[in-house]
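The values are calculated or read from the model by the stated rules, or taken from the named source; none is laboratory data. Because the structure is predicted, anything quoted here is derived from the model rather than measured. With ideal geometry, Cβ positions are generated from the backbone for all residues, glycine too; neighbour counts draw on all protein chains shown. Surface accessibility is based on the protein's heavy atoms, side chains included, excluding ligands, DNA and RNA. Shrake-Rupley method; radii C 1.70, N 1.55, O 1.52, S 1.80 Å.
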2 protein chains.
Amino acid sequence: MKEYKGYLIDLDGTMYKGAERIEGASEFVDHLKKKDLPFMYLTNNSSKTVDQIAEKLNHIGVRAKPEQVYTSSLATAEYISSQKEKARVFAIGEEGLYDALRQESLELVQEGADFVVIGIDREINYEKLALACLEVRNGAAFISTNGDIAIPTERGLVPGNGALTSVISVSTGVEPVFVGKPEPLIMSRALKRLGYHKEDVLMVGDNYNTDIKAGMTAGMDTLMVETGLSTFDEIKDKEHQPTYKCRDLFHWIERLNFHEKK
Amino acid sequence: MKEYKGYLIDLDGTMYKGAERIEGASEFVDHLKKKDLPFMYLTNNSSKTVDQIAEKLNHIGVRAKPEQVYTSSLATAEYISSQKEKARVFAIGEEGLYDALRQESLELVQEGADFVVIGIDREINYEKLALACLEVRNGAAFISTNGDIAIPTERGLVPGNGALTSVISVSTGVEPVFVGKPEPLIMSRALKRLGYHKEDVLMVGDNYNTDIKAGMTAGMDTLMVETGLSTFDEIKDKEHQPTYKCRDLFHWIERLNFHEKK
């Protein structure tokens, strides 16, 4: 088995489910610390700041520093900045997105935007969507933090950012650039931040269509766990399989230990 | 030229544009009155009640009674009622839709719905969209008053109901039944209300993709005017052409008069 120099680790379904830690999560992270292996948490969640996410992880007993958290909002802000410094941005989203855009010194505007960006916004309203459509029709580039169609909650599956994004794309006929998993944009930026080449990093996640596909598209090896959305049975006929499959992260630690002893 | 026994007449782009009457509109309606030809105004607009629309028409000098107005909301409510009497409906929309649903004695509910219906709602919010998705995922039939992707305003094109509808269809993977033009549902109900067979009624409108297509799909003859959205140049290569094309309704009256004199 290949020895990886670093890890990219999904959060929802891999480290936690709602407010609960997933079994093996903290032990896995402790293992990486012990082995001095750098890692980064990688989430499509655009609503929270890296501080809020690190705090949540620590609160449920998974060690994390804010600089070890990489969100679709950070990747989106960095991507916009790389396209045009100090760009004018009309943004629909929550605190995590606004925070990331400000960190990149982007100018938040209501009209005359260079970019329209949308992330999940539970305070969405018609006026925000109308402004976004008007700006996109006026030539602003259209960016979406991620294409997730649904968010699991205690009530069931409610609309994700990909569903909200469709209001603008359907109305204007302009397809956005999606930044989050499974798109390569977030992956290349996360790898750059981690400081390793794609060949040396393992992508860990529970969602075949986002985490595993993102890793594959980025040319990385992937580890799929069965603690979240996708099941091995569901994906057994897929042409492209994850490099590794483990029921949970306990099994992955066992496998690493077994490999080490040999 | 065929003599039609009745007319279905589009509103926006045919009778008025925003708050302004389109030239030839009132003269055309007066002509129909004089000839004792029954007609019905047919609009995808689901937001207003038939009383409000009739009032607007009279206000700008186009004669109209509420019973001569047929909206996508009326057609939607009647369609639901035909599927299940006194059905439980979770509705997103404005006054015109709620009014139509109540007229059909449908029960408005927040959960346990038989039908989820969406019409344009300028007070849209995340909770309404979330409830709609939860109900559709729980098995409610999904209906949309119309698929218009954009609404023309003084500011430009803002999202139409087709764009809002996509939040629910993208998130749940369930495609709605669309009721409004160009779909046949609204046409068959309008014809029934007018009391004539499709062969005897002319569909008049400015929008090739809604009005004219609706007429064609319903097997009716169509008259396209150039006072609204579509131009004759734009549609010149379409396989299916309107039965008649007239720059405006003055030209149509002239044509009728000329035909009569022969």
Condition check for A:VAL167: in a strand (DSSP E or B), open to solvent by less than 20 Å² (accessible area, probe 1.4 Å) and facing chain B (nearest Cβ under 8 Å): no
Check on A:GLY205, open to solvent by less than 10 Å² (accessible area, probe 1.4 Å) and either modelled with pLDDT under 95 or not assigned by TED's automatic domain parsing to the domain that holds A:GLU95 (or both): yes
Test for A:VAL158: is it facing another protein chain (nearest Cβ under 7 Å), assigned to a strand (DSSP E or B) and at pLDDT 95 or above: yes
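Please work out if A:ALA214 is on the phi < 0 side of the Ramachandran plot and assigned by TED's automatic domain parsing to the domain that holds A:ILE80.
No: the conditions fail for A:ALA214.
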Neighbours by Cβ (under 9 Å, 6+ apart or cross-chain): first from region A:42-67, more than 12 Å from A:VAL29 (Cβ to Cβ); second among the small types (Gly, Ala, Ser) and open to solvent by 40 Å² or more (accessible area, probe 1.4 Å): A:LYS56/A:ALA19; A:HIS59/A:ALA19
Residues satisfying the stated conditions in region B:209-231, i.e. open to solvent by 10 Å² or more (accessible area, probe 1.4 Å) and outside any loop (DSSP other than H, G, I, E, B): B:ASN209, B:THR210, B:LYS213, B:MET216, B:THR217, B:ASP221
Wholly within region A:72-155, helices (runs of 4 or more DSSP H) carrying at least 2 residues that are surrounded by fewer than 24 Cβ atoms within 10 Å (Cβ to Cβ) and within 14 Å of another protein chain (Cβ to nearest Cβ): A:126-137
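Could you tell me which of the residues A:GLU175, A:GLU234 is open to solvent by 10 Å² or more (accessible area, probe 1.4 Å), outside any strand (DSSP E or B), more than 30 Å from A:GLN83 (Cβ to Cβ) and of a type in the set (Asp, Glu)?
On the way: A:GLU175 fails: more than 30 Å from A:GLN83 (Cβ to Cβ).
Criteria check complete, one pass: A:GLU234.
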